[in-house]
Amino acid sequence: MTDDNPSSRLQIPAILGSPKSSILPKGTKLPKVGLKESKIKIVPDTNVYLSGIIFGGNPRKVLKLARNKIVVAYTSASILLEVAEKLNQKFHWDEEKVGKTLKAISKITEVINPATILSVVKKDKSDNKIIECALGAQANYIVSRDKHLLDFSEFEGIKIVTPRDFLRIVKSQS
């Protein structure tokens with residue numbers, strides 16, 4: 001079966017969902033921007049992908065912003081690998097389902113190869129990949145629920161915020 005066959009598609013609400021589905025309150029006007037450079041650039045943390053895909057809530061709304069091209073989301077191979085490992089090991093997803101999910105994430109993000117290797121998050125070294133990606137993407141925000149990242153609140157001009165706070169920021173700028 002091909003990905004064009006609806007019966008073979010992995011159903012991931014909000015990531016592959018209709019761009020017409022609203023995530024912001026009625027009446028919220030979105031900024032009209034045409035260039036990637038004028039849109040907000042974000043790097044969702046692994047926990048935002050996992051929560052958004054599996055549980056919904058504000059992380060799903062953040063992913064829908066990327067899906068609907070309201071923001072530009074960036075990721076890296078190391079972040080995608082961590083997502084794959086968590087889906088497989090923690091949630092017991094099979095390889096095919098994980099592969100389709102990674103493909104869906106890749107469709108709503110810009111996958112980059114960060115040039116910088118950091119060791120600034122001492123308590124959880126795996127979180128450094130998120131900051132590396134944000135630096136490489138020249139992101140405005142890292143969106144995370146991870147305490148080790150949130151404790152920074154900002155890194156080299158990149159604000160580190162929760163999904164809830166990020167949604168408030170987007171709403172306030174519209």
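If the only charges are +1 at each Lys and Arg Cβ and -1 at each Asp and Glu Cβ, what is the size of the charge dipole of region 36-172 around the Cα centre, to the nearest 20 debye?
620 debye
Take the Cα atoms of region 36-172, build their convex hull, and give its volume per residue in Å³.
That works out to 103 Å³ per residue.
Here are some pairs, Lys69/Lys122; Lys39/Lys86; Lys125/Lys159; Lys64/Lys100; Lys39/Lys123; Lys69/Lys100; which of them have Cα atoms lying more than 27 Å apart in this structure?
From Lys69/Lys122; Lys39/Lys86; Lys125/Lys159; Lys64/Lys100; Lys39/Lys123; Lys69/Lys100, over 27 Å: Lys69/Lys122; Lys39/Lys86; Lys39/Lys123.
Only Cα pairs under 8 Å and at least 6 apart count here; give the relative contact order of region 36-172 as a rounded whole percent.
29 percent
Can you tell me the FRET efficiency between Phe55 and Gln173 if r is taken as the Cβ-Cβ distance and R0 is 25 Å, rounded to the nearest 0.05?
Taking R0 as 25 Å, the efficiency between Phe55 and Gln173 is 0.45.
Roughly speaking, what is the centre-to-centre gap between region 71-89 and region 90-164 when only Cα atoms are used, to the nearest Å?
8 Å
I want the antiparallel fraction of DSSP beta bridges within region 36-172, as a percent rounded to 5.
Here the share of antiparallel DSSP bridges comes out near 15 percent.
Bear in mind these aren't lab numbers, they're just calculated from the coordinates by the rules spelled out. Only a predicted model underlies this, so the values are computations on that prediction, with no experimental measurement involved. Heads up, the Cβs are rebuilt from the backbone with ideal geometry, glycines too, and the neighbour counts pull from every protein chain shown.
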